[in-house]
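Each remark here refers to the structure printed beneath this line.
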Amino acid sequence: MAMKDPRSILITGASSGIGAALAGVYAGPGVSLALTGRHGERLAAVAAQCRERGAEVTTAVLDVTDRAALSDWIAAMDQARPLDLVIANAGISGGTDKAGGGEGASQARRILAVNLDGVVNTVMPAITAMRRRRRGQIAMMSSLAGFRGFPGAPAYCASKAAVKAWGESLRGSLRGDGIEVSVICPGFVVSPMTAVNPFPMPLLMETDQAAALIVRRLARNHGRIAFPWPMYLLVWLIGALPPIITDRLLAKMPEKTQLPETV
Ligand SMILES: NC(=O)c1ccc[n+]([C@@H]2O[C@H](COP(=O)([O-])OP(=O)(O)OC[C@H]3O[C@@H](n4cnc5c(N)ncnc54)[C@H](OP(=O)(O)O)[C@@H]3O)[C@@H](O)[C@H]2O)c1
């Protein structure tokens, strides 16, 4: 069942950007937040802000690719206070900028490991916990980049397309278990991830504005939370048109910056 007013919420990738902003929107008296990310200091700062708003906060420094550690932590958080809502948000991005010959294997594997395996590692333990009580909501972070493969960010687009399709499938397959699933597909949102983009980002949205919109639509159990709508319409159209029309257009699009640790 979707939660109009979730009280126990777990968010991965809560140490910055959209995840941190979502934690801030949900924070309040009577709410318990379980927040994770890899950078302890940033996570502690987000937790402190949420506590100031009256929330009870538990943090864990974890890498979402560490399947066993994440699974144990999610189970422990659920046991401490049954989770109403789990948001699989952690993600990284990287493109072909200066790649010369396309995206390298290490970047492609790292992006798929974090953005796809990391989401699987979050969602599976959440399903196990929620299925037992036939109640809960899961949100998975995809992107408008998941509606079509864009040449400037191959693995990123692939990871987001996979999350989108998996989430849409789960929404149908888990309904009978009382678990609601939503897929979130933002356009450009202000965050450390987009701060490195060297190109103009049309309809760039403020982080808090995006987080508030996501929270509102999750409360209404929207299956697909895609925004802003003109960008949604554009990517939907590009995805629907045949490659013979779109290939030439997409070849002119700017490339995303490469992931520094894999260069
Ligand atoms: N900003 C946009 O325009 C936009 C658009 C569409 C979709 N998205 C998606 O929204 C999500 C949040 O991105 P953002 O824009 O808020 O970027 P961000 O500020 O860079 O946030 C990414 C979050 O993921 C965490 N993270 C990254 N790798 C991780 C790992 N291996 N294990 C655990 N946590 C990890 C980061 O924390 P640590 O560094 O502490 O690990 C951080 O908290 C991502 O999935 C992204 O793809 C963003």
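Computed from the coordinates by the stated procedures, all read-outs in this text should not be read as laboratory data. Remember, predicted model here, so these are calculated numbers, not experimental data. Heads up, the Cβs are rebuilt from the backbone with ideal geometry, glycines too, and the neighbour counts pull from every protein chain shown.
Only lysine pairs 8 or more places apart, or on different chains, with alpha-carbon atoms under 27 angstrom apart are counted in the chain, and they number 9.
Here the contact order of segment 80-224, divided by its residue count and restricted to Cα pairs under 8 Å and six or more residues apart, works out to 24 percent. Mind checking which of R217, R248, R109 has the largest fluctuation in a GNM of the chain, springs on alpha carbons under 10 Å? With Cα springs under 10 Å in the chain, the top fluctuation among R217, R248, R109 is at R248. On the basis of the beta-carbon distance and an R0 of 45 Å, L237 and R67 show a calculated FRET efficiency of 0.75. With θ taken as phi - 60° and the Karplus curve 6.51 cos²θ - 1.76 cosθ + 1.60 applied, the whole-hertz 3J(HN,Hα) list for segment 91-97 is x, 10, 9, x, x, 10, 3 Hz, x standing for glycine and proline. Dividing the summed helix terms, -39500 (n - 2.57) for each DSSP H run of n ≥ 4, by the number of residues in the chain produces a 222 nm estimate of -14000 deg cm²/dmol to the nearest 500. Highest mobility in the GNM of the chain, judged by mean-square fluctuation with C-alpha springs under 10 Å and restricted to I138, I238, I11, is found for I238. The gain in end-to-end length when the L250 to E206 segment is fully stretched comes to 13.2 nm, 0.36 nm per residue minus the alpha carbon separation.
Among F147, F188, the ranking by other beta carbons within 10 Å of each residue's beta carbon, starting with the fewest, stands as F188, F147. How far is the Cα center of segment 34-50 from the Cα center of segment 101-152, in Å? Spelled out, the Cα-based centre of one part sits 21 Å from the other. Kirkwood hydrodynamic radius computed over segment 127-223 comes to 14.7 Å, based on all pairs of distinct alpha carbons. Approximating the spin labels as points 7 Å out from Cα along Cα→Cβ, the T58-to-D5 distance works out to 2.4 nm.
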